[in-house]
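The values are calculated or read from the model by the stated rules, or taken from the named source; none is laboratory data. Bear in mind that the values here come from a model prediction, so they are computed numbers and not experimental data. Note: ideal-geometry Cβ built from the backbone for every residue, glycine included; neighbour counts use all protein chains shown. Accessible surface is based on the protein model in full, side chains and every heavy atom, while ligands, DNA and RNA are left aside. Shrake-Rupley method; radii C 1.70, N 1.55, O 1.52, S 1.80 Å.
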Amino acid sequence: TQLLEQSPQFLSIQEGENLTVYCNSSSVFSSLQWYRQEPGEGPVLLVTVVTGGEVKKLKRLTFQFGDARKDSSLHITAAQPGDTGLYLCAGLLSGSARQLTFGSGTQLTVLP
Amino acid sequence: EADIYQTPRYLVIGTGKKITLECSQTMGHDKMYWYQQDPGMELHLIHYSYGVNSTEKGDLSSESTVSRIRTEHFPLTLESARPSHTSQYLCASRSPVNYGYTFGSGTRLTVV
């Protein structure tokens, strides 16, 4: 059983469209991170959210941490082909937090 | 600019060979990790270290071993490679400030 479920698993959209990726759990996390991974490379940290209800913006990307700190979402406005990649959420479990738990990932393809 | 380096990037070896995957970081991070990842799939933790002379096995059973004699160096060794070991191996270190992970570019291992 995956502790962090991401949806959708695959997403293919046209350039200019908006999209939202979800990361859900039944467990509480003290913090949650989002990474993007391009083929043949390691994941790159995009953002860390630590407060329930927190919203962070990174250019066209908006990240939200759920009020109960059990879920998070990533919204991309006006997607571009350069946004293509594997998006991974990862969390530090509240109370233990010795290493990150990674989600299963969302593979995003933005077509020109 | 990479602060964590993995070598080799690609490796094709025969069954039964012993190999060592190298990982070095220049950030002085105490916490380091090895993950195994099949293309486009989730990351599986195979080993981690919280500092010199500290190593632990991760969630995924692995026939590999690691050592941490110096803070900056965290090599992973396979004593006898098998085709089932074919995968991408990612090394990471964790910032004590924002808890974000910095990943290397990975080693793509193929055992024939």
Given a 1.4 Å probe and no ligands, DNA or RNA in the count, how much accessible surface is buried by A and B, both sides, to the nearest 100 Å²? 1600 Å²
Accessible area of chain B with a 1.4 Å probe: how many percent of it is carbon plus sulfur? 51 percent
Karplus-derived 3J(HN,Hα), 6.51/-1.76/1.60, for each residue of the stretch A:64-78, Hz, glycine and proline x: 10, 9, x, 4, 8, 6, 10, 8, 8, 9, 10, 10, 10, 9, 6
Show which lysines lie in cross-link reach of B:LYS18 when reach means a straight Cα distance below 21 angstrom and same-chain residues fewer than eight apart are skipped. B:LYS57
Which of A:GLY52, A:GLY103, A:GLY82 sits farthest toward the positive end of the charge dipole of the stretch A:5-111, with +1 on the Cβ of Lys and Arg and -1 on the Cβ of Asp and Glu? A:GLY52
For A:ASN24, net neighbour charge (Lys/Arg +1, Asp/Glu -1) across residues whose Cβ lies under 9 Å away: -1
If you take each beta carbon of peptide A:45-51 and count the beta carbons of other chains within 10 angstrom, what is the mean? 2
